[in-house]
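Peer 1: Right, I'll just put the structure down here and ask away after.
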Amino acid sequence: LHRGKTALVTGSSSGIGKAIAEAFAAEGANVVLNGLVKPGEEDALVQEFESKYDGKFGFSGANLTDPEAIEGLISYAARDFGGVDILVNNAGVQHVSPIEDFPVAKWDLIISLNLSAAFHTTRMCMKPMKEKGWGRIVNTASAHALVASPYKAAYVAAKHGIAGLTKVVALEGAQHGVRCNAICPGYVHTPLVDAQIADTAKARGITEDEVKQNVLLAAQPTKEFVTAVQVGAMAVFLTSPAGDQINGALMQMDGGWVAQ
Ligand code: NAD
């Protein structure tokens with residue numbers, strides 16, 4: 001489906017981003033990988049993709065809280081891959097705390113990584129996409145782009161922000177062959193959620209098992225986690241010809257969570 005095209009997937013060294021990168025690689029795309037990894041892990045990651053898939057793969061450790069580092073990432077993709085055809089804004093972190101104790105530094109980090117980074121990558125990719133007359137932008141939002149939960153002030157604010165950004169970019173790209181959509185998963189079992197289970201247990205004074213059953217899956221009527229592979233498949237669908245008229249959508253994948 002995407003042979004010869006280049007996908008840039010931010011935060012693709014782990015979890016959902018890695019599954020999205022694999023889904024595009026399986027469609028023949030070249031993929032620029034990104035994430036914060038320990039020294040040595042980036043070579044192993046690129047080699048893993050090269051051994052499984054046919055495309056070209058590269059890695060950038062750009063820290064997306066830094067707009068200059070994002071510029072470096074986009075220049076690297078332009079120089080070594082001929083530009084970005086499919087941009088997936090996926091990198092994100094979580095912090096769980098009552099707002100009165102919410103660390104200011106965590107607020108700033110989450111707004112800059114989960115929201116502003118997508119503004120920067122998009123503003124840098126939009127012009128070349130418009131000039132080519134084809135581009136696809138997929139934002140990993142969340143059910144928390146549509147509804148709230150307590151103790152997640154920064155995350156819910158950033159994800160509601162990404163929902164708005166998705167709609168604006170969809171309108172600006174509409175007549176230039178550019179589409180922009182967001183995927184809104186419920187709970188996906190990844191390292192991000194593992195950390196959250198521990199934090200939520202502390203914030204609510206309950207056990208980790210009670211968090212899984214009574215807090216996380218309580219919101220999800222299917223009582224099942226979404227899988228990262230399912231999110232990857234949705235990202236591919238949104239960028240396929242069948243998705244050409246899907247623009248500015250917030251695609252729910254949450255077992256019925258926000259239907260309630
Ligand atoms: P994860 O922790 O497994 O992966 C996060 C990725 O972001 C990693 O590759 C990490 O290296 C990268 N990253 C973190 N800080 C970075 C920085 N400063 N610069 C560059 N990269 C950085 O998490 P995940 O669960 O796969 O989450 C991915 C996205 O999916 C996030 O935007 C998250 O909000 C969203 N999401 C997750 C869930 C869930 O239940 N796991 C649900 C809905 C939405």
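The values are calculated or read from the model by the stated rules, or taken from the named source; none is laboratory data. This structure is a prediction, so every number in the text was calculated from the model and none was measured. Counting neighbours? That spans all protein chains shown, and the Cβs are built from the backbone with ideal geometry, glycine included.
Peer 1: Would you say residue 170 is at pLDDT 95 or above, in contact with a helix residue (DSSP H, G or I) (Cβ under 8 Å, 6 or more places away or on another chain) and of a type in the set (A, V, I, L, M)? So that I can check it myself, show each step before the final result.
Peer 2: Working: at pLDDT 95 or above: yes; in contact with a helix residue (DSSP H, G or I) (Cβ under 8 Å, 6 or more places away or on another chain): no; of a type in the set (A, V, I, L, M): yes.
No, not satisfied.
Peer 1: Do we have any residue at all in segment 198-211 that's over 13 Å from the mean Cα position of the chain (by Cα), over 19 Å from residue 120 (Cα atoms), near the ligand (Cβ under 9 Å from one of its atoms) and modelled with pLDDT under 95?
Peer 2: So the first thing to find is which residues in segment 198-211 are over 13 Å from the mean Cα position of the chain (by Cα), and the list is 198-211.
With the extra rule that they be over 19 Å from residue 120 (Cα atoms), the set shrinks to 198-211.
Those left that are additionally near the ligand (Cβ under 9 Å from one of its atoms): none.
Looking through segment 198-211, none of the residues is over 13 Å from the mean Cα position of the chain (by Cα), over 19 Å from residue 120 (Cα atoms), near the ligand (Cβ under 9 Å from one of its atoms) and modelled with pLDDT under 95.
Peer 1: Just to be sure, is residue 69 in a helix (DSSP H, G or I) and touching a residue at least 60 places away in the same chain (Cβ under 8 Å)? Write out each step before concluding.
Peer 2: Working: in a helix (DSSP H, G or I): yes; touching a residue at least 60 places away in the same chain (Cβ under 8 Å): no.
Against the criterion (in a helix (DSSP H, G or I) and touching a residue at least 60 places away in the same chain (Cβ under 8 Å)), residue 69 does not qualify.
Peer 1: Residues of segment 117-142 being small (Gly, Ala, Ser), more than 13 Å from the chain's Cα centre (by Cα) and surrounded by 18 or more Cβ atoms within 10 Å (Cβ to Cβ), which ones?
Peer 2: As a first pass, look at segment 117-142 and keep what is small (Gly, Ala, Ser): 117-118, 133, 135, 141-142.
Next, from what is left, pick out any that are more than 13 Å from the chain's Cα centre (by Cα): 133, 135.
135, the sole residue that qualifies.
Peer 1: Restricting attention to segment 1-22, which residues are within 16 Å of the ligand (Cβ to nearest atom), touching a residue at least 60 places away in the same chain (Cβ under 8 Å) and either surrounded by fewer than 24 Cβ atoms within 10 Å (Cβ to Cβ) or more than 12 Å from residue 88 (Cα to Cα) (or both)?
Peer 2: 14, 15, 18, 19, 22, listed by residue number.
Peer 1: Can you name the condition, by its number, that residue 217 falls short on among (1) within 14 Å of the ligand (Cβ to nearest atom); (2) at pLDDT 95 or above?
Peer 2: (2)
Peer 1: Kindly indicate whether residue 114 is within 23 Å of residue 21 (Cβ to Cβ), near the ligand (Cβ under 10 Å from one of its atoms) and part of a strand (DSSP E or B).
Peer 2: no
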